[in-house]
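Asker: Questions regarding the structure given below will be posed in turn.
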Amino acid sequence: MSTDTQSEDDLRERITNFLRRNFPQIQMHGGSAAIQEIDRETGSVSIQLGGACSGCGISPMTIQAIKTRMTKEIPEIEEVHATTGMGGSEGMSGGAGGMSPSFPGETRGGDVEDDEGPEAPF
């Protein structure tokens, strides 16, 4: 394993542990947080919140807390991009185009498949 790969794996693990340790409420409330991309050169990481986070009214506050705390706790991270995938900027509700939030186990009518978002890495 190259040093770069080992270094990225270490950073990915530290980000995963940070999310698990500081934001257990994401998983406890039926949400998920998945690392989408890590760019070590620019110090940026992209996080996708899914499951119950999509459409949740406090997702914007969770996203802001993740951004603020991660850049303070993990020195290599200078910028955090986090979204809920609801089409609005930074997880803000209102730009969902008439979509309503979905919750794990909830049944919806029609041929709509339940999308619980990206699989959490933990």
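The values are calculated or read from the model by the stated rules, or taken from the named source; none is laboratory data. Here the structure is a predicted model, which is why all the values come from computation and not from measurement. Cβ: placed from backbone, ideal geometry, glycine included. Neighbour counts: every protein chain shown. When the accessible area is computed, the model is the full protein with side chains, heavy atoms only, and any ligands, DNA or RNA have been set aside. Shrake-Rupley method; radii C 1.70, N 1.55, O 1.52, S 1.80 Å.
Asker: Hey, does the range 47-59 have a residue that's exposed (fewer than 14 other Cβ atoms within 10 Å of the Cβ) and not in a strand (DSSP E or B)?
Answerer: Start the filter on the range 47-59 by keeping residues that are exposed (fewer than 14 other Cβ atoms within 10 Å of the Cβ), which leaves 57-58.
Of the ones still in play, those that are also not in a strand (DSSP E or B) are 57-58.
Scanning the range 47-59, I find at least one residue that is exposed (fewer than 14 other Cβ atoms within 10 Å of the Cβ) and not in a strand (DSSP E or B), so the answer is yes.
Asker: Quick one: which of Ala82, Ala96, Ala65, Ala120 is at pLDDT below 90 and within 26 Å of Asp10 (Cα to Cα)?
Answerer: That would be Ala120, the only listed residue that is at pLDDT below 90 and within 26 Å of Asp10 (Cα to Cα).
Asker: Follow-up question, since we're still on this one. Applying the selection to the range 34-46, what residues are surrounded by 14 or more Cβ atoms within 10 Å (Cβ to Cβ) and part of a loop (DSSP other than H, G, I, E, B)?
Answerer: The one that is surrounded by 14 or more Cβ atoms within 10 Å (Cβ to Cβ) and part of a loop (DSSP other than H, G, I, E, B): Gly43.
Asker: I'm checking my understanding of the structure. Among residues of the range 71-84 that are in contact with a Ser or Thr (Cβ under 7 Å, 6 or more places away or on another chain) and open to solvent by 60 Å² or more (accessible area, probe 1.4 Å), which one is farthest from Gln36 (Cα to Cα)? It would help to see each step written out before you state the result.
Answerer: Kept after step one, since they are in contact with a Ser or Thr (Cβ under 7 Å, 6 or more places away or on another chain), are these residues of the range 71-84: 77-81, 84.
Next, from what is left, pick out any that are open to solvent by 60 Å² or more (accessible area, probe 1.4 Å): 78-79, 81.
Values: Glu78: 16, Glu79: 14, His81: 10 Å.
This residue is Glu78.
The rows are residues; the columns are (1) of a type outside the set (Lys, Arg); (2) in a helix (DSSP H, G or I); (3) open to solvent by less than 20 Å² (accessible area, probe 1.4 Å); (4) modelled with pLDDT of 90 or more.
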| position | (1), (2), (3), (4) |
| --- | --- |
| Met1 | yes, no, no, no |
| Ser7 | yes, yes, no, no |
| Asp10 | yes, yes, no, yes |
| Glu13 | yes, yes, no, yes |
| Ser32 | yes, no, yes, yes |
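Asker: If you take the residues in the range 35-55 that are out of contact with any helix residue (DSSP H, G or I) (no Cβ under 9 Å at 6 or more places or on another chain) and more than 14 Å from Leu11 (Cα to Cα), which one is modelled with the lowest pLDDT? Full working, then the answer.
Answerer: Narrowing the range 35-55 to residues out of contact with any helix residue (DSSP H, G or I) (no Cβ under 9 Å at 6 or more places or on another chain): 36-37, 39, 41-42, 44, 46, 48, 50, 55.
Checking which are more than 14 Å from Leu11 (Cα to Cα) leaves us with 48, 50, 55.
Details: Gln48: 95, Gly50: 93, Gly55: 85.
Step by step, filter the range 35-55, then rank; the result is Gly55.
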